[in-house]
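S.K.: What follows is a single structure, and I will ask about it in a moment.
The values are calculated or read from the model by the stated rules, or taken from the named source; none is laboratory data. Note that the coordinates shown come from a computational prediction; the quantities given were computed from them, not determined experimentally. So basically every Cβ, Gly included, is an ideal-geometry build from the backbone, and we count neighbours across all protein chains shown. With ligands, DNA and RNA removed, areas are computed over all heavy atoms of the protein, side chains included. Shrake-Rupley method; radii C 1.70, N 1.55, O 1.52, S 1.80 Å.
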Amino acid sequence: MTARSPRFTESTQGRLRRLNLATSLPPVVFAAVVLLYTDARTWWHFLVLAPGAVAGVVAFERWTANDLARVALPCLVVAGAVWPLGALVVGSPNAYWGFCAVGSLALREVRRRRKLVVAGLFTYVAAVGALRLLVQRDDINHVLLTYVLIPTVLTVLVTLFTVLGERFYDLIRELEQTREREAELAVMRERVRFASDLHDIQGHTLHVVKLKIALAQRLLLGDTARAEKELRETYALVSDTIAQTKELAYAQRRLNLTAEIENAKNLFEAAGIRVRVTREGEVDAPVSELLGQVLRETTTNILRHAQATQVQITLAGSGITIVNDGVTATSQPELRGLAALRQRLAGDGGELTVEQQQGRFRTAATFSAVRADVRRSAGR
């Protein structure tokens, strides 16, 4: 399990990064643009203030990629230089924004004396704002409010929300990693079940073969006809076992659809996936076996290849449909097991449809009503 942890972390981090970029980055960029538009009254004001805003945006983007440590110090230096220049030269009370953003995000990289670093962050913002009194002494109250109190309070609030947000995302990471481990465990359970089926087929046969060969040895001299019969039965038994093993390996063994639906439901629930089963009708026995194979193969594919949170299984008189979300690939993956089943269904009068659209994957195995009637007539 330890060897798989990096893959879990990378997968989880990728989803969180996409979530942050989609929901949080646009407001951050918008805030930077608004502050520049508000405070930059000339072109050189823009040249002074823009690096701080850019540093804040870059730091946030790298934070979503879990790569802030590489750019934290340069961004902090740039944003830290913009704040005094903005306060003293440009007269911008919002020039602290970049330093506030970078500093609050960079706290994640601090391992020692974190409280002292936090105090230094707040003190720097307040002290630089107070320096405005060197160039604007006519309205002390305005300076203290606009350049000291408001920037410091907002920096405290941003830092607080950033720390809380980091803890929230850490919790999400832990939950996602647990969910992925459960999915992997569910796949392992399926492999164990396969091994159990293989043991049931071959273990019983080998035991019977051993007894029959021992009996044939005892009868070889006294009752050759009986010994020959035992050897013929042993040969037939081994041949039948080989056929059953091949059917099991290629998912062609007779399956009970009801049992397969219950097994799929248990596997999904064990992996933390919500599953809903709807029965709109029942199918006849030959069709049921093929649909059970489709359901088993689809269940394995969902657990291995998707990041599903919910699965809908619908059983109708004409077939079965399985729909899952959590599709991360932009193109439809190559699923060899389903491709082989598509040929089997086509040869038996059925159709297997696989569709991927808007983050959902739909697998449907159907038989025409005419074909179903023929099957029922043949059964009678």
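S.K.: Given Thr146, Thr162, Thr155, which one is in contact (Cβ under 8 Å) with a residue 24 or more places away in the chain and within 33 Å of the chain's Cα centre (by Cα)?
M.R.: Details: Thr146 fails: within 33 Å of the chain's Cα centre (by Cα); Thr155 fails: within 33 Å of the chain's Cα centre (by Cα).
The unique qualifying residue is Thr162.
S.K.: Give Val102, Val110 a once-over and let me know the one that is touching a residue at least 24 places away in the same chain (Cβ under 8 Å) and within 25 Å of Asp67 (Cα to Cα). Before you say what the answer is, go through the steps one by one.
M.R.: Working: Val110 fails: touching a residue at least 24 places away in the same chain (Cβ under 8 Å).
Checking each option against the conditions leaves just Val102.
S.K.: I've got another one for you. Quickly run through region 266-292 and pick out the residues that are under 25 Å from the mean Cα position of the chain (by Cα) and in a helix (DSSP H, G or I). Working first, answer last.
M.R.: We begin by selecting, within region 266-292, every residue under 25 Å from the mean Cα position of the chain (by Cα); these are 266-277.
Those that are under 25 Å from the mean Cα position of the chain (by Cα) and in a helix (DSSP H, G or I): Asn266, Leu267, Phe268, Glu269, Ala270.
S.K.: If you don't mind, another one. What pairs can you find where one residue is in region 33-46 and under 18 Å from Ala79 (Cβ atoms), the other is open to solvent by 40 Å² or more (accessible area, probe 1.4 Å), and their Cβ atoms are less than 8 Å apart, with a gap of 6+ or different chains?
M.R.: The qualifying pairs are Leu35/Asn94; Leu35/Trp97; Leu36/Phe46; Thr38/Asn94; Asp39/Asn94; Ala40/Phe46.
S.K.: Let me ask something additional. Can you pull out the residues in region 124-143 that are part of a helix (DSSP H, G or I) and in contact (Cβ under 8 Å) with a residue 24 or more places away in the chain?
M.R.: If the condition is that a residue be part of a helix (DSSP H, G or I) and in contact (Cβ under 8 Å) with a residue 24 or more places away in the chain, then Tyr124, Val125, Ala126, Val128, Gly129, Leu131, Arg132, Leu134 are the ones that fit.
S.K.: Right, another one. Going through region 48-99 one residue at a time, which ones are under 18 Å from Tyr37 (Cα atoms) and of a type in the set (Ser, Thr, Tyr)?
M.R.: Ser92, Tyr96 - these are the residues of region 48-99 that are under 18 Å from Tyr37 (Cα atoms) and of a type in the set (Ser, Thr, Tyr).
S.K.: If a residue must be more than 27 Å from Val48 (Cβ to Cβ) and not in a helix (DSSP H, G or I), how many such residues does region 89-116 contain?
M.R.: Matching residues across region 89-116 total 4.
S.K.: Going by the structure shown, is Ile172 closer than 30 Å to Ile302 by Cβ and among the aliphatic types (A, V, I, L, M)? Reasoning before the result, please.
M.R.: Values: closer than 30 Å to Ile302 by Cβ: yes; among the aliphatic types (A, V, I, L, M): yes.
Against the criterion (closer than 30 Å to Ile302 by Cβ and among the aliphatic types (A, V, I, L, M)), Ile172 qualifies.
S.K.: Could you tell me whether region 35-43 includes any residue that is farther than 24 Å from Val156 by Cβ, surrounded by 18 or more Cβ atoms within 10 Å (Cβ to Cβ) and more than 31 Å from the chain's Cα centre (by Cα)? Don't jump to the end; show me each part of the working.
M.R.: So in region 35-43, the residues farther than 24 Å from Val156 by Cβ come out as 37, 40-43.
Checking which are surrounded by 18 or more Cβ atoms within 10 Å (Cβ to Cβ) leaves us with 40.
So of that shortlist, the ones also more than 31 Å from the chain's Cα centre (by Cα) come out as 40.
Taking every residue of region 35-43 in turn, at least one turns out to be farther than 24 Å from Val156 by Cβ, surrounded by 18 or more Cβ atoms within 10 Å (Cβ to Cβ) and more than 31 Å from the chain's Cα centre (by Cα).
S.K.: In addition: Closer than 21 Å to Leu73 by Cα and open to solvent by 40 Å² or more (accessible area, probe 1.4 Å): does that describe Val153? Walk me through how you get there before you give the answer.
M.R.: Values: closer than 21 Å to Leu73 by Cα: no; open to solvent by 40 Å² or more (accessible area, probe 1.4 Å): yes.
It is false that Val153 is closer than 21 Å to Leu73 by Cα and open to solvent by 40 Å² or more (accessible area, probe 1.4 Å).
S.K.: In region 1-82, which helices (runs of 4 or more DSSP H) lie fully inside it and hold 3 or more residues that are modelled with pLDDT of 80 or more?
M.R.: Working: elements: 5-23, 25-39, 43-64.
By residue number, 25-39, 43-64.
S.K.: Open to solvent by 40 Å² or more (accessible area, probe 1.4 Å), at pLDDT 85 or above and in contact with a Leu (Cβ under 8 Å, 6 or more places away or on another chain), is that true of Val277?
M.R.: Values: open to solvent by 40 Å² or more (accessible area, probe 1.4 Å): yes; at pLDDT 85 or above: yes; in contact with a Leu (Cβ under 8 Å, 6 or more places away or on another chain): yes.
Yes; evaluated as a whole, the condition is true for this residue.
Per-residue answers, yes or no, for (1) assigned to a helix (DSSP H, G or I); (2) open to solvent by less than 60 Å² (accessible area, probe 1.4 Å); (3) at pLDDT 90 or above:
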residue: Glu297; (1), (2), (3): yes, yes, no
residue: Thr300; (1), (2), (3): yes, yes, no
residue: Gln307; (1), (2), (3): no, yes, no
residue: Thr314; (1), (2), (3): no, yes, yes
residue: Thr321; (1), (2), (3): no, yes, yes
residue: Ser331; (1), (2), (3): no, no, no
residue: Ala339; (1), (2), (3): yes, yes, no
residue: Gln356; (1), (2), (3): no, yes, no
residue: Arg376; (1), (2), (3): yes, no, no
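S.K.: Are any of the residues in region 79-91 in contact (Cβ under 8 Å) with a residue 24 or more places away in the chain, crowded, with 19+ Cβ neighbours inside 10 Å and within 24 Å of Gly165 (Cα to Cα)?
M.R.: Yes, region 79-91 contains at least one residue that is in contact (Cβ under 8 Å) with a residue 24 or more places away in the chain, crowded, with 19+ Cβ neighbours inside 10 Å and within 24 Å of Gly165 (Cα to Cα).
S.K.: May I pose another question? Inside region 215-263, can you point out the residues that are at pLDDT below 75 and small (Gly, Ala, Ser)?
M.R.: Residues satisfying the conditions are Ala243, Ala249, Ala251.
S.K.: Between a residue in region 279-297 that is of a type in the set (Val, Ile, Thr) and any residue that is assigned to a helix (DSSP H, G or I) and crowded, with 22+ Cβ neighbours inside 10 Å, which pairs come within a Cβ distance under 7 Å, given they are 6 or more apart or on different chains?
M.R.: Listed pairs, sorted by first residue: Val283/Leu291; Val294/Leu341.
S.K.: What pairs can you find where one residue is in region 339-365 and closer than 25 Å to Thr309 by Cα, the other is open to solvent by less than 90 Å² (accessible area, probe 1.4 Å) and basic (Lys, Arg), and their Cβ atoms are less than 7 Å apart, with a gap of 6+ or different chains?
M.R.: Cβ pairs passing all conditions: Glu355/Arg362.
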